[in-house]
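Trainee: Right, I'll just put the structure down here and ask away after.
The values are calculated or read from the model by the stated rules, or taken from the named source; none is laboratory data. Just so it is clear, the structure is predicted and the values come from calculations on it, not from any experiment. Cβ coordinates were reconstructed from backbone atoms using ideal geometry, including for glycine residues, and neighbour counts include every protein chain displayed. The area values use the complete protein model at the heavy-atom level, side chains included, leaving out ligands, DNA and RNA. Shrake-Rupley method; radii C 1.70, N 1.55, O 1.52, S 1.80 Å.
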Amino acid sequence: MSAATTPALVRVTLVRVMMYSNIFYTSEKLTLERFTWITELLKLYCTRHYPESLHHHPRTPVPGFSLFLSNDACYCLVDHRLSKLWDILFRLPHVRFIFDSRDLLTRGISIEPFSRRSPDQIVCAGSGTSGTGSSFAEILLKATQQETKDRCLGFLQCASPYLNTSPSTIIDLFHAAVGKKISPELYGFLDGVYLMHHDQRPTMTVNAGDMLLKVNEAAQKKGLSPLFLVCSRSAASRGFATFTGNKGKVISSCTIPPARIWDISQIASRLCRIHPVLSHSACAIQLPRNLKVPEIRSPGHSDHPSLVVLVTHPPYGNEMAFGALTFALACSHLGIFTRVVFMEDGIYSLSGHHKLSDTDPVLNIQSVITATNGTGNLEYYAYTPSFRERGLSGSPACKGVQMVDPAMLSQIFFKAPGGILTDYQRVLLF
């Protein structure tokens, strides 16, 4: 039976997925290394953090985990290198995988063997049209919404809209948000600023600029407050011509009209709020409070949502590693407790002793890490298995970077930082 005719492909109800309060979204291809540490985290989530989830009838509610996979992330279903990891995942309760039917059909991937084996864990969202159930974007939107006064949805775009992944998911997600009277917020950072460049003329995909204008128009008609922000440093380095308008606002002739150019600290300030913020790969984690520890502060007090930044790219081939540190520092300076974890190829920032000449325009990332270590609300970690995978020393060159194994990484993911009162944590991959 083809993917197009598989009933599990198109019959999805929101109720089955919405009982899961933790989410992971990615549109990137999942390598063996990434799929491995994701599997390790989910295994520890069930066995160590919520062992009652292993019971058929747990006495206490167990928050589940929903993983939303779109674009090239769908290839994890047919990559035979991941088959043993799938065997582990199929044994974990309260974990579900939601795929975008449009992306599966485009890539010729059939979900039937997986949905037949584990129909409660493998879900394929319909297109949202008549008779095909709720769309991927609608289910993802519903999963991200918490009981909060912040009726908005943020998306941090760091990659080019056309060279990496299609902007369709972002556009669909924003349209779904507007339909539910939720204000869309787009934050352009690094190459993500190109998403809001004017006069785009792509030949192989939708015009992201034009689609964002339609989102903005629809949101305005409903009385919402859409926000389209461009990082000023990222825009300047890419030649976005700017000038200062009335009241000192930075204006650019290179962006679509709704876009506003802001300093990175102003963009980071949006993360002081409780609303969900996604990216090309991101997590939203509900944190349990430790009721055994008395709270000295007022019962109504709550800190900003904590942040975990995963650095997964090498330091000098592109801007992702430096961008991760820049964003993490901006958030920590605003009082957001931020933990930076170097893993996958990100550990190259810590291996060896980097030597750059005084005339080299690139900063020494190890010097940046050393200089910022000890900054308030900021901690650095490195993932031991990533060093071992590459045959490198398990001791990072930078002092103050703590090595963590899978169990310790799960503590970073699923437990609130010490002394921080928050029920919500964001995880962003760079």
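Trainee: Which one of these is at pLDDT 95 or above and among the acidic types (Asp, Glu): ASP345, ASP358?
Mentor: ASP345
Trainee: Tell me, please, whether a residue that is at pLDDT 50 or above and out of contact with any helix residue (DSSP H, G or I) (no Cβ under 8 Å at 6 or more places or on another chain) can be found in region 1-18.
Mentor: no
Trainee: Please state which of the following conditions TYR380 fails to meet, knowing it meets all the rest: (1) surrounded by fewer than 15 Cβ atoms within 10 Å (Cβ to Cβ); (2) modelled with pLDDT of 95 or more.
Mentor: (1)
Trainee: Has region 298-313 got any residue that is open to solvent by 30 Å² or more (accessible area, probe 1.4 Å), at pLDDT 95 or above, farther than 28 Å from HIS49 by Cα and in the same structural domain as LEU392 (by the TED database)?
Mentor: Taking every residue of region 298-313 in turn, at least one turns out to be open to solvent by 30 Å² or more (accessible area, probe 1.4 Å), at pLDDT 95 or above, farther than 28 Å from HIS49 by Cα and in the same structural domain as LEU392 (by the TED database).
Trainee: Would you tally the residues in region 394-419 being open to solvent by less than 50 Å² (accessible area, probe 1.4 Å), of a type in the set (Gly, Ala, Ser) and within 25 Å of the chain's Cα centre (by Cα)?
Mentor: 3
Trainee: In region 182-204, what residues are polar (S, T, N, Q) and either over 27 Å from GLY317 (Cα atoms) or touching a Pro at 6+ places or on another chain (Cβ under 6 Å) (or both)?
Mentor: Within region 182-204, SER183, THR203 meet the criteria.
Trainee: While we're on this one: Checking the conditions here, which among ARG238, ARG260, ARG233, ARG270 is modelled with pLDDT of 95 or more and open to solvent by 20 Å² or more (accessible area, probe 1.4 Å)?
Mentor: ARG270
Trainee: Do any residues in region 205-216 that are in the same structural domain as ILE171 (by the TED database) have Cβ atoms under 7 Å from those of residues that are at pLDDT below 95 and open to solvent by 30 Å² or more (accessible area, probe 1.4 Å), where the two are at least six apart or on different chains, and which pairs are they?
Mentor: Close Cβ pairs satisfying both conditions: THR205/TYR162; THR205/SER166; GLY209/HIS197; GLY209/HIS198.
Trainee: Follow-up question, since we're still on this one. Would you tally the residues in region 32-80 being assigned to a loop (DSSP other than H, G, I, E, B) and open to solvent by 10 Å² or more (accessible area, probe 1.4 Å)?
Mentor: Matching residues across region 32-80 total 12.
Trainee: Please count how many residues of region 352-377 are open to solvent by less than 30 Å² (accessible area, probe 1.4 Å), in contact with a Phe, Trp or Tyr (Cβ under 9 Å, 6 or more places away or on another chain) and over 21 Å from LEU307 (Cβ atoms).
Mentor: 0
Results for (1) small (Gly, Ala, Ser); (2) more than 14 Å from VAL340 (Cα to Cα), shown as yes or no for each residue.
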residue: ARG390; (1), (2): no, yes
residue: SER393; (1), (2): yes, yes
residue: ALA397; (1), (2): yes, yes
residue: GLY400; (1), (2): yes, no
residue: MET403; (1), (2): no, no
residue: ALA407; (1), (2): yes, yes
residue: PHE414; (1), (2): no, yes
residue: PRO417; (1), (2): no, no
residue: ARG426; (1), (2): no, no
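Trainee: Could you list all residues from region 373-396 that are closer than 19 Å to GLU40 by Cα and part of a loop (DSSP other than H, G, I, E, B)?
Mentor: ARG390, the sole residue that qualifies.
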